[in-house]
Amino acid sequence: MTSLWWQTSAIYQIYPRSFQDTGDDGIGDLKGIERRLDYLAGLGVGAIWICPIYSSPMVDFGYDISDYCDVDPRFGTLADFDDLLGQAHRRGLKVLLDFVPNHSSDQHPWFVESCASRENQKRDWYIWHDPAADGGPPNNWISDFGGSAWEWDEVTGQYYYHAFLKQQPDLNWRHPGVQTAMYDVLRFWFDRGVDGFRIDVLWHLLKAADFPDNPPNPNYRPGMGDMHRLLQLHSTDQPEVHLIAAEMREIADSYGARGHGERVLIGEIYLPVDRLMHYYGGERPEMHLPFNFQLIDTPWRARSLAAVITGYEAALPPGGGPNWVLGNHDRPRVAAKRGQAQARVAAVLLLTLRGTPTLYYGDELGLSDVAIEPSQVQDPHELRQPGLALGRDPVRTPMPWDDSDNAGFTRAKPWLPLNDDWRTRNVMRMTEEPRSILMLYRRLLALRRDWPALSIGDFLLLKAEDEILIYARRHGSERLIVALNFGKRQHRLELPDWAHGSRLLLSTTEDAAPVETVAFLLRSNEAVVLEAR
């Protein structure tokens with residue numbers, strides 16, 4: 001069976017404000033991404049996913065959109081995007097955009113009209129509701145950013161719903177006009193040649209039509225954040241959302257059917273695995289890849305990881321494409337959570353599991369979370385609920401390219417501070433170090449390209465005990481063994497009979513032991529890939 005590009009490629013997530021500035025304003029831009037395409041192609045990824053670049057007041061840094069079919073001037077122009085897309089395609093790189101269908105900016109013309117009067121034709125494009133009997137919000141739903149999810153509008157005497165900031169009113173996806181308009185947005189970018197979308201908070205799109213209260217969360221503890229006081233039973237993951245997802249998929253597939261190249265849809269869905277699987281679709285296909293975030297929070301132990309991996313594999317529907325993620329623009333960086341030695345082990349895990357891996361920019365350098373002083377905080381999540389460590393600024397800091405001023409990111413003051421060790425932890429310096437984590441990522445990505453077993457082969461768990469996780473990847477005549485040590489002790493490990501005489505393809509350490517005929521020595525904090533011959 002011929003594999004599709006998104007099944008064999010690694011995806012690289014770019015936070016555009018922080019990747020490369022060419023406009024000397026301290027903010028990254030599209031020309032900056034274009035300037036670094038050779039780096040991305042050389043790294044070995046097959047696709048880039050760019051966080052929102054649309055016109056926006058930037059209250060939530062692009063996730064509050066005022067025009068879905070234009071580029072914000074901070075990032076450039078539509079012509080700049082077309083140039084970037086063309087240059088990426090010339091290098092064999094696919095380009096994915098963020099699609100944010102759940103909510104717009106309150107400055108979007110649709111919402112301006114919706115607020116004008118109750119009789120306006122766009123009124124029901126957003127979610128409006130009369131007050132409760134006591135004059136307060138219609139129900140107890142909580143914004144993900146804290147506080148009530150309902151905002152009072154004095155002019156029209158109703159509340160509108162916002163799952164996030166009040167400047168991000170939720171669109172009413174039960175309205176046919178909203179569906180038509182948003183599907184046209186997908187077509188607008190597909191027609192320009194975009195290869196796919198990551199769909200923001202897909203499970204939020206539909207809300208229970210009668211707006212009942214959400215039940216309390218029995219596991220809530222102070223410090224978890226206001227949104228966790230309730231279970232989002234009625235405000236997310238409604239059955240009707242699957243009809244919307246299926247229609248988005250039909251649009252994407254129609255481009256491939258017309259010979260314009262296979263398009264991909266990736267859904268951001270934070271749900272338990274059993275509910276996540278529904279977003280692959282049934283009789284009607286939905287997401288190609290519902291994002292699988294389990295590696296981010298799973299305890300970093302062999303048995304825990306093995307249980308997650310095998311449970312996920314078993315849950316996948318027939319033909320469902322697996323995928324794995326270690327971090328993103330909302331979650332702590334893997335090096336911050338696991339340390340530098342285990343960040344190398346994590347890279348091997350991510351890039352040798354079955355399915356599509358997504359890398360977050362800077363993780364290939366071992367970037368950690370950057371300390372942000374209170375006066376430097378930009379993220380509204382942190383500003384609304386200070387002291388709870390909910391801020392996302394620490395993982396959105398500028399990419400360090402070299403040891404020149406501002407790490408080669410900008411000639412102005414960066415919008416967020418650089419990592420403290422940027423003079424040594426940067427692309428230029430780490431490219432010169434054969435054993436750097438950057439070079440490890442390059443070797444791993446090259447290995448994925450050279451060995452189909454690592455991208456499309458099957459998965460077989462061989463061992464998960466103590467500090468050691470071992471599995472095989474197999475495709476045709478290829479037989480590879482991946483062994484990971486999550487601890488500080490070395491282990492002598494026996495090879496299965498069919499793998500006697502294996503040779504070492506890759507190790508995360510400089511002093512990897514030679515492979516014996518029937519066994520091998522796995523050093524502390526080491527991961528290896530072996531070829532069984």
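With viscosity set to 1.567 mPa s at 4 °C, what whole-number translational diffusion coefficient in µm²/s follows for the range 86-140 from Stokes-Einstein and a Kirkwood radius over Cα pairs? Diffusion coefficient, whole number: 88 µm²/s. Using C-alpha pairs under 8 Å with a sequence gap of at least 6, the mean separation divided by the residue count of the chain gives a relative contact order of 12 percent. Remark: the chain carries a charge dipole of roughly 1960 debye about the Cα centre, counting +1 on each Lys and Arg Cβ and -1 on each Asp and Glu Cβ.
Loop-located trypsin sites (Lys or Arg not before Pro) in the range 446-509 (DSSP state not H, G, I, E or B) with no more than 14 neighbouring Cβ atoms inside 10 Å: LYS488, ARG489. Helix 437-450: angle to the longest alpha-carbon principal axis of the chain, degrees 0 to 90, nearest 10? It works out to around 80 degrees. In the chain, the longest principal axis of the Cα atoms and the axis of helix 334-352 are about 70 degrees apart. Computed from the mean reciprocal separation of all distinct C-alpha pairs, what Kirkwood hydrodynamic radius does the range 389-458 have, in Å? The answer is 14.2 Å. Given 20 °C and 1.002 mPa s, compute D for the range 1-147 with the Stokes-Einstein relation, Rh being the Kirkwood radius over Cα pairs; round to the nearest whole µm²/s. Translational D for this selection: 120 µm²/s. The magnitude of the dipole of the range 458-531, with charges of +1 and -1 set on the Cβ of Lys/Arg and Asp/Glu and taken from the Cα centre, is near 60 debye.
Taking amide H as placed 1.01 Å from N in the peptide plane, LEU506 has its amide H under 5 Å from the amide H of VAL529, each at least 5 places away in sequence or on another chain.
Mean silhouette area of the range 479-526, derived from the convex hull of its C-alpha atoms and averaged over all directions, reads 3.1 nm². Can you check what the net charge comes to around ARG90, using other residues whose Cβ is under 14 Å from the Cβ of ARG90 (Lys, Arg +1; Asp, Glu -1)? It works out to a net charge of -3.
Positive-end ranking of ALA453, TYR126, ASN328 along the dipole of the chain, with charges on Cβ about the Cα centre, is headed by ALA453. Here the dipole of the range 5-116 is about 640 debye; that uses its Cα centre as origin and unit charges on the Cβ of Lys and Arg (positive) and Asp and Glu (negative).
In a fully extended conformation the segment linking GLN378 and LEU504 would gain 40.7 nm over its present Cα-Cα distance, using 0.36 nm per residue. A dipole drawn for the range 109-161 from +1 and -1 charges on Cβ atoms has a positive end, and of PHE145, VAL112, THR156 the residue lying farthest that way is VAL112. Computed packing ranks the peptides 216-227, 47-58 as 47-58, 216-227, most packed first, by mean other Cβ atoms within 10 Å.
When you filter the GluC sites (Glu not before Pro) in the range 347-456 for DSSP loop state and at most 15 other Cβ atoms inside 10 Å of their Cβ, you are left with GLU432. Across the range 35-182, the mean sequence separation of Cα contacts (distance under 8 Å, 6 or more residues apart), normalised by length, yields a relative contact order of 20 percent.
Total lysine pairs in the chain at Cα distances under 21 Å, for residues eight or more apart or on different chains: 7. Note on the range 365-422: percent of Cα-Cα distances in each 10 Å bin, starting at 0 and stopping at the bin with the largest distance, equals 24, 50, 23, 4.
Given the chain, what percent of its DSSP beta bridges are antiparallel, to the nearest 5? Antiparallel: roughly 65 percent of the beta bridges in the chain.
In terms of overall dimensions, the C-alpha atoms belonging to the range 109-161 reach 28, 25, 15 Å along their principal axes, ordered largest to smallest. Taken over the chain, the percentage of Cα pairs per 20 Å bin, counting from 0 up to the bin with the maximum distance, is 21, 55, 22, 2. Take the Cα radius of gyration of the range 136-206 and divide it by 2.2 N^0.38 Å, N being the number of residues; the result is 1.36. Averaged over residues, the count of other Cβ atoms within 10 Å places the peptides 246-257, 13-24, 130-141, 228-239 in the sequence 13-24, 228-239, 246-257, 130-141, highest first.
Set the Cα radius of gyration of the range 405-516 against 2.2 N^0.38 Å, with N its number of residues, and you get 1.41.
For the range 136-168 and the range 303-353, what is the separation of their Cα centres, given in Å? Here the two parts' Cα centres lie 36 Å apart. Helix content alone sets the calculated 222 nm mean residue ellipticity of the chain: runs of n ≥ 4 DSSP H residues at -39500 (n - 2.57) each, divided across all residues, give -7500 deg cm²/dmol.
Taken together, the values in this text are just the output of simple stated rules run on the coordinates, not laboratory data. Note that the structure is predicted; figures quoted are calculated from it, not measured. Reconstructed Cβ throughout: ideal geometry from the backbone, glycine too, with neighbour counts over all protein chains shown.
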